[in-house]
Amino acid sequence: MSSAAENLENRKYTGSLKGDTLKRIFGETKNHRGLFIGFLFFILLTAFIDALSTYLTQFLIDQGILGGDRSALWRFSLYQVACFLVNGGSIFGFIYCADRLGHHIQYEMREKLFAHLQNLSFSFYDKTSSGWLLSRMTSDIRRISELTSWMLVDAVWGTANILISIVFMFFIQWKLALMMMVMLPLLSIAAVKFKNYIIREYRKVRSINSKITSAYSESINGVRVVKSLVRERKNLEEFGGLSHDMYRASFRAGWLSSLFLPIVQLITSFAVGVVILYGGWEITIGGMTIGGLRAFVGYITFMLWPIQEMARVFSEMQQAIASAERIFTLMDLEADIKDLPDALESPRFQGHVEFRSVNFHYVEEAPILNNFNLKVEQGETIAIVGPTGGGKTTIASLLSRYYEPVSGQILLDGRDYRNFTQQGLQSRIAVVLQTPHLFSGTVGENILYGAPGAGEEEMLKASKLACAHEMIMTLPHGYDEMVGEEGTLLSVGQKQLISLARTILADPDIIVMDEATSSIDTKTEQDIQTGLETLLEGRTSFVIAHRLSTIRKADRILVIEKGAIKEEGNHRQLLAQGGHYYRLYTSQFRKDHAPQMLG
Amino acid sequence: MHRRRPIGFLRFFYALIVRLPIGDKLFRGIPPQNHPENIKYTAPEGGQIMKQKTKESGFRGFLTLFALLKGNRRLYTLTILALGLTIAAEVTGFMVIRHVVDGLLDSEVRGAGIIHFLLVWTLVFLALALFKGALSYLHGWGKAHCSEQVIRRMRNSLYDHMQRLSFSFHDSSQTGELVQRSTSDVDTVRKFYANQIPEIFQVFFQFSINLGILLVLEWKLALFSVIVVPVVGAVSTVFFFKIFDAYDDYQDVEGRMSNRIQENLSGIRVVRAFARQEWEKDQFRKINALQRAKGMRLAWWNSLYWPFGHILCGLQFSATLLLGGFMALNGTISPGTFIAFSSMVNALIWPMQELGRTISEISKSHVSYRRIREILDEEQEDLKSGTALDAHELKGNLEFINAGFRYSLEGKAGDKVLEDISFSCREGEKIALLGATGSGKTTLVNLLPRFYDYTEGKILLDGEDLHSYNRHSLRRHIGIVQQEPFLFSMTVAENICYSLDRDVSREEMIRAAKAAMVHESIMSFPEGYDTMVGEKGVSLSGGQKQRIAIARTLLKDPRLLILDDSTSAVDADTEEKIKKALKELVSGRTTFIIAHRIQTLRQADRILVLEKGRIVQQGRHEELIQEDGFYRDVFRLQTQMEKELRRELESASQQKGA
């Protein structure tokens, strides 16, 4: 399963008009059979009435005008009016049905995929960028919804229009109709081939366009460097080259596609020429009427458009199917970690934690933890130190059950944590992240995120405990201050304080902390320290520590290297050993402290 | 004979739903910019293509869209004329059919050899078709050429203009927004030339040519046939503005929805940590449902509009045909005329249905154009005026006399960022800046290359007012190494040679890289110096980036140097390398260092301690530790920590010994 996630972004999606995906796409319309059938019905009706009305004009001319029959003139005019009226209704019908259907499908698929994404594993999110997922949620789903509505409208309408017209042409003059039958496929093939060529040209344009976009964004992002290095002129030269390429590519695509219409028109005109020539002769020998000739010309010019559009519609359908393949692969992904069928809601934990012979690896060739054992008593604070890549974060992720051990067990209060539901378990274990993530909204909303049922008083209490209250009150709108998207309007220190309050309010039993202090000034650091102590008091906690003050105060320090505990003990003991910890500590000491003074 | 083109409107839906740029709404709420009287836009080819008075707003501003065609005006006019001729050819085709029909009904013609007659007129018809095809191709070719040319110029001017706008402009605008304007808004404007103008003229030609011929053929019938035209035109315009409003609403919600998704996805770990999946789903469902509701409203307007136009035009068509039919019966017009008539009425009425769309799209183009102009109307930094400097001319003696700086926002003076800064330094001296975040260190050094211009007091460089130097040459002689240097997505080599106008030999570049202690790291990359940096290539560590930036600055060989000396992000080994590299860089140049560490500060010739934009202390290390103040606090804290560490280690080793 995880291997599927791994390749998701790079996989090729063919978009071929295969049955399976198509079937599944239309399976999505099953809740809206009415709309689906309705719009197919109305679109066919529209195509039929259109052709019929052309057919009727024939009689208006032959019987009414040339036959000198006033009542026929009246009659067929009224028929025509009726056609327009019915068609008006029918057009309303298919637009209404198709549009609504599209919006319903879009809504439902987004809903489904969003819910599905909420439950996918962390391993999946480690490998998949949120930008990629966002495009799946937005443009891919939009394309699928269009496939079920507008693309289908175009395809069905176009096909029906051509077929129905041919049938009517046979009614009028079968020999001439046969001639047209020979020409039409030629016309269609030529059109599709040519259009595909143009579509390829436009693909080139798009690829240059994305280069232009990144050139813009890079020069804006790096404008300060550009200025300080005085590169404006050279940059413009380079960009000028790019925009010239763009000009050439899109000009080429432009004139090629302006060749397309005249070519189709010419072929059609040739067909009309045949109609005039052969039809005219048939008229003189009585094999056809003037009205029939007019109707024929009408049908042929009418077919011009669907033929022209077909190639575009099919290429768009291909894209939509490729989108659908992506979406369905995503939907078929199963979470790596699933609740056992008889999993329990978690009780409150006392906080005994045990790693029992835990083995873990992300990829088989590179084991991270090998027979890892650790026993932690209730209320202990464990600091985990060691070099990058040694397995510190893995231990934290395993404990929070973002990943599960490949073999071995993790026990909470003596029970394998797989006995509990993920949701229950994770709501009892708080994870305080290195860079706190806030959601756009107010400060208050963010604090309450951890415990939605909590009242205002509880919130205030928590933020006071976290020493965040004072900081929050200095904001212009206090707790109602908007934090901006991902909290960008606040400093990292402010975000950390708020996330601390959020965690205190959530009142977890076990705390996992991945801390970083590089962006906090001394004063804030002190504040956070007090808040942290409140949080850690009486709770079992694991701290991946960078901050010496925390390390020193921990009940036990684990030096983790290459997935194993190299040293274990409290600060004094480890310093006395003069080993890894000693070296780490002395080299880190100066570095950590100097910048902290100033922020 | 011409029937209406139903798939044309299906295609329109496509355009409406699929192709319109998303995120237009993101730009709403941008304050109107100041419009300076005159702005010169430097165009890439050296001409002043976009030089315009830019004070106009509204319709007159809109008219400048035509001025942009300059250089392609003649071709564009020919293009439009070709379109007119295409339509004339089409109408002539109707007349040919008229002639054929009347001929077929005329016994005289039939007697004189019908085959010959038919053959001749079929050939005439085909010749017309060829003529029309050729013109139609010319039209397409011409409009593609003109519109792409205009847009190419526009892209270039935007690009160049943006890189020449001031720091303050870039401080206050967001990258995403500027990129959107330069891409999707520019594309919308392209459509103005490539689609909208030709469409308007198409409707115009179709209407006037067909009507003209109709009037000649039978004026009463002609007038009768256009009764509905103004109604359809007006109604469709009103409708389309409605539809576009609804569409804007829809897009707005779409933007909010994708923000919501984005936030959820990037915060998914927090969502899981607090087990808030259900709540997230609820929130999403709300916005998703809102979007569906907006979509339904859009669907409603759409489904109402098209049948309305269809029926209206259909009734007009039927009525005209009926009247024409009676005229033909009475012999007022020939049957051929009747058939030609019906085709022309068709060509006259139905395009009106889409007129509204074009008009409302033009109004969209106008909005896009205005957003582009807002950028172009911003005043460029003046890079050229003032004294130019040769390298050896600049010595690097600086004097700050009560200098100060405040931002100005839209003409209004903002908060003071720097105040009353006075100090001086001589050629080759090292000035260290110390202070908390927001104390004004960065702003102070940004005054030197004139990224910002001081607003109060005076700054003298080599005895001359700093403002008298031209920015370009000033910047050429000032090197900056940032804490988090920005590298471009080019090769390592191109990044190192980035700042130079001249060609640099491989040896010279490698020498710089070696001096910057980064040569070895670079050689370990898959393609050495030709390795791409960034998304498409290797991702560099902070230390590597910094050293590449140092190499870049070494090659630039500036007289004045600004360093942001913060190495917190690198390990001890790298730190050592960076130190060595810096030593090389600093020697003999006037240097400003933003420093945190006593070790660095100690070596400076002068230390400036900043607090809230003012210098609170200045002097050498030895002087400052005698004074009561921030510097001594920092010094004590740092030395105290050293002591503490030593104490701890001692006690630990005692314990060990015990």
Magnitude of the Cβ-charge dipole (Lys and Arg +1, Asp and Glu -1) of the stretch A:205-293 about the Cα centre, nearest 20 debye, reported as 600
Expected vector for the stretch B:511-521, Karplus 3J(HN,Hα) from phi with 6.51, -1.76, 1.60 and θ = phi - 60°, integer Hz, x for Gly and Pro, equals 4, 4, 5, 5, 4, 8, 6, 10, 4, 4, 4
Per the 1/(1 + (r/R0)^6) rule, R0 = 30 Å and r from the Cβ atoms of A:LEU344 and A:GLU533, FRET efficiency to 0.05 is 0.40
Shape descriptor, the stretch B:69-158: equivalent ellipsoid semi-axes (Cα gyration tensor, sqrt 5λ, whole Å, largest first) stand at 44, 10, 7
Fewest-first ordering of B:ASP605, B:ASP503, A:ASP62 by Cβ atoms within 10 Å yields B:ASP503, B:ASP605, A:ASP62
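Would you please classify the overall shape of the stretch B:263-365 from the alpha carbon gyration tensor, given that a ≥ b ≥ c denote the square roots of the eigenvalues, rounded means a/c under 1.5, and beyond that prolate means a/b larger than b/c while oblate covers the rest? Could the numbers behind the result be given before it?
Details: a/c = 6.72, a/b = 4.22, b/c = 1.59.
Prolate, because a/c is 1.5 or more and a/b exceeds b/c.
Convert 37 °C to kelvin, take the viscosity as 0.692 mPa s, use the Kirkwood radius over C-alpha pairs of the stretch A:93-159 as Rh, and evaluate the Stokes-Einstein diffusion coefficient in µm²/s, rounded to a whole number.
247
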Projecting the Cα atoms of A:ALA191, A:GLN265, A:ALA253 onto the charge dipole of the stretch A:174-287, where Lys and Arg contribute +1 and Asp and Glu -1 at Cβ, the residue farthest towards the positive end is A:ALA253
Along the dipole axis of the stretch A:306-459 (charges at Cβ: +1 for Lys and Arg, -1 for Asp and Glu; origin at the Cα centre), the most positive-end residue among A:VAL313, A:GLY391, A:PHE439 is A:GLY391
The answer for chain A, counting only DSSP H helices whose Cα atoms cover 15 angstrom or more along the axis and whose Kyte-Doolittle average is 0.0 or greater, is A:33-59, A:70-119, A:152-172, A:174-221, A:232-274, A:290-332, A:492-506
Placing each pseudo-label 7 Å from Cα in the direction of the beta carbon, B:GLU576 and B:ASP171 end up separated by a distance in nanometres of 4.1
Here P(r) for chain B, Cα-Cα distances in 20 Å bins, as whole percents, is 14, 33, 28, 16, 8, 2, 0
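Suppose we keep just the DSSP beta bridges with both residues in the protein assembly as shown; what percent of those would be antiparallel, to 5?
Approximately 55 percent, going by the DSSP bridge assignments.
Run through every distinct alpha carbon pair of chain A and return the Kirkwood hydrodynamic radius in angstroms, one decimal place. List each step's numbers first, then the result.
Values: mean 1/r = 0.0326 Å⁻¹.
After inverting the pairwise mean of 1/r, the radius is 30.6 Å.
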So the angle from the long Cα axis of helix B:352-376 to the longest Cα principal axis of chain B, reported in degrees to the nearest 10, equals 20
Any residue on another chain or 5+ positions along whose placed amide H is under 5 Å from the amide H of A:ILE384 is listed here as A:VAL543, A:ILE544, A:ALA545, A:LEU558
Rounded to whole angstroms and listed largest first, the alpha-carbon spread of the stretch B:203-257 along its three principal axes comes to 58, 18, 8
Checking rank on A:65-76, A:93-104, A:260-271, with mean other Cβ inside 10 Å and highest first, the result is A:93-104, A:260-271, A:65-76
Rounded to the nearest 500, the 222 nm mean residue ellipticity computed for the protein assembly as shown from DSSP H runs (n ≥ 4, each -39500 (n - 2.57)) alone is -20000 deg cm²/dmol
quick shape note, the stretch A:152-280: Cα extents on principal axes in Å, largest first -> 79, 30, 16
Between the Cα axis of helix B:335-349 and the main Cα principal axis of chain B, the angle (0 to 90°, nearest 10) is 20
Residue-ordered couplings for the stretch B:190-207, obtained by feeding phi - 60° into the Karplus form 6.51 cos²θ - 1.76 cosθ + 1.60 and rounding to whole Hz (Gly and Pro as x), are 4, 5, 4, 7, 7, 10, 5, 4, x, 5, 4, 5, 4, 4, 4, 5, 4, 5
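Between B:GLN603 and A:ASP336, what FRET efficiency comes out of the Förster formula 1/(1 + (r/R0)^6) with R0 = 60 Å and r the beta carbon distance, rounded to 0.05?
0.65
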The long-range amide H neighbours of B:LEU610, using H built 1.01 Å from N in the peptide plane and a cut-off of under 5 Å, are B:LEU434, B:GLY435, B:VAL616
HN-Hα couplings for the stretch B:242-250 via Karplus (6.51, -1.76, 1.60; θ = phi - 60°), in whole Hz with x for Gly/Pro, come out as 4, 4, 5, 4, 4, 5, 4, 4, 4
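How many percent of DSSP beta bridges within chain A run antiparallel, rounded to 5?
On the way: 19 of 37 bridges.
Of those bridges, close to 50 percent are antiparallel.
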When B:ILE339, A:ILE429 are ranked with the fewest other C-beta atoms within 10 Å first, the list becomes A:ILE429, B:ILE339
Simple spin-label estimate for A:ASP555/B:THR387, 7 Å along Cα→Cβ, in nm, reads 7.1
Across the alpha-carbon set of the stretch B:488-555, Rg over Rh with Rh taken as the Kirkwood radius works out to 0.92
The correct pair for the protein assembly as shown, radius of gyration to one decimal and Dmax as a whole number, both in Å and from Cα atoms, is 37.8, 135
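Calculate how many DSSP beta bridges within the stretch A:353-593 are antiparallel, expressed in % of all such bridges and rounded to the nearest 5. Write out the running numbers ahead of the final one.
Working: 19 of 36 bridges.
Antiparallel: roughly 55 percent of the beta bridges in the stretch A:353-593.
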The size of the Cβ-based charge dipole (Lys, Arg +1; Asp, Glu -1) of the protein assembly as shown about the Cα centre, to the nearest 20 debye, is 2780
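Treat the count of other C-beta atoms within 10 Å as a stand-in for reagent exposure and order A:ILE300, B:ILE115 from fewest to most. Kindly include the intermediate steps, with their values, before the conclusion.
Details: A:ILE300 24, B:ILE115 11.
The order, fewest Cβ neighbours first, is B:ILE115, A:ILE300.
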Computed for chain A: size of charge dipole around the Cα centre, +1 on C-beta of each Lys and Arg, -1 on C-beta of each Asp and Glu, debye to nearest 20, value 1940
Given Cβ charges of +1 for Lys and Arg and -1 for Asp and Glu, the option among A:THR138, A:GLN63, A:ALA335 whose Cα lies farthest towards the positive end of the dipole of chain A is A:GLN63
Using alpha-carbon coordinates alone, the radius of gyration and Dmax of the stretch A:353-593 in Å work out to 18.3, 54
Distance in nm between A:PHE171 and B:ALA289 label points, each 7 Å along Cα→Cβ, equals 4.9
For A:MET288, other-chain or 5+-apart residues with amide H closer than 5 Å (H placed, Pro excluded) are A:ILE283
Rg/Rh of the stretch B:394-545 (Cα atoms, Kirkwood Rh), to two decimals, equals 1.05
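Readers should treat all values here as calculations from the given coordinates under stated rules, not as data from a laboratory. It should be emphasised that the depicted structure is a prediction, and the values quoted were computed from it without experimental measurement. All Cβ positions, glycine included, derive from the backbone under ideal geometry; neighbour counts span all protein chains shown.
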